[in-house]
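K.L.:
Below: one structure in structure tokens.
Throughout, read-outs are computed from the coordinates displayed, never taken from laboratory work. Bear in mind the structure is a predicted one, so any value in this text is a computation, not a measurement. Here the Cβ positions follow ideal geometry from the backbone for every residue, glycine too, while neighbour counts run over all protein chains shown.
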Amino acid sequence: MTGTTTDAAAIAAGIDDMYDAFLAADRVRFDGHLDPDITTWETHLPGPLRSRAELDAYRDSRDASGARPTLSRLVARDKRIDVYGDVGVARYLLVAEKPGAPAEHSRVTDVLRRTDDDWLIVHHHAEYLGS
């Protein structure tokens, strides 16, 4: 880890809280970890989403169709976090478990920027690795 241990711990705690918020279906809390100009690139998404507005439109459509994932567990493992001044880079393995199904794994990189009182994700990139 580079940067301060305190900054890296704050980023790690934010990532954990974000996924806890997803499990709790607390979109407001989840979104509190995202920069308004976030870019989101994930294997399952319909191309790169280049803003929070595009992400919101995708999620609204997905949720309205009843396709929001139901998970029993969502956890970021094996985190590696580096901090370079006001920029943080987090890399980790995301483990998602649906009830009665094998765990699915994704390789994730988040780029964050420091705000006055927090760290916000400005770029999220996830590659699905399988079960």
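K.L.:
Quick one: net charge of Ala25's neighbours, Cβ under 12 Å, K/R +1, D/E -1?
P.N.:
Around Ala25, the charge tally is +1.
K.L.:
Mind pulling the angle between the C-alpha long axis of helix 5-23 and the longest principal axis of the chain? Nearest 10 degrees, somewhere in 0 to 90.
P.N.:
Compared with the principal axis, the helix lies near 10 degrees.
K.L.:
Would you work out the Kirkwood radius for the range 5-130? I mean one over the mean of 1/r across all pairs of different Cα atoms, in Å.
P.N.:
15.0 Å
K.L.:
If you don't mind, there's one more thing I want to ask. Quick check on the exposure proxy: order Lys98, Lys79 from fewest to most C-beta atoms within 10 angstrom.
P.N.:
Lowest to highest Cβ neighbour count: Lys98, Lys79.
K.L.:
Most exposed first by the Cβ proxy, i.e. fewest other Cβ within 10 Å, how do Glu127, Glu104 rank?
P.N.:
Glu127, Glu104
K.L.:
Can you work out the Karplus-derived ³J(HN,Hα) for every residue in the range 37-43? Use 6.51 cos²θ - 1.76 cosθ + 1.60 with θ = phi - 60°, whole Hz, and x for glycine or proline.
P.N.:
Rounded to whole hertz, the list is 9, 4, 9, 10, 10, 9, 3.
K.L.:
I want the local charge near Thr4. Using Cβ-Cβ distances under 14 Å, sum +1 for each Lys or Arg and -1 for each Asp or Glu among the other residues. Write down the numbers at each step before the final one.
P.N.:
Details: positive: Arg114; negative: Asp7, Asp82, Asp86.
With Lys, Arg at +1 and Asp, Glu at -1, the net is -2.
K.L.:
While we're here: Cut-off 16 Å, label point 7 angstrom out along Cα-to-Cβ of Asp82: give me the residues of the range 25-43 whose amide nitrogen falls inside.
P.N.:
Backbone N within reach: none found.
K.L.:
For Thr6 and Val28, what is the calculated FRET efficiency with R₀ set at 25 Å and r taken between the beta-carbons, to the nearest 0.05?
P.N.:
0.45
K.L.:
Please give, to one decimal in nm, the separation of the simple spin-label points placed at Arg113 and Leu129, each 7 Å out from Cα toward the Cβ.
P.N.:
Going from the Arg113 label point to the Leu129 one covers 3.0 nm.
K.L.:
Using 0.36 nm per residue of separation minus the Cα-Cα distance, give me the extension gain between Arg52 and Glu104 in nm, one decimal.
P.N.:
Difference between extended and current length: 16.2 nm.
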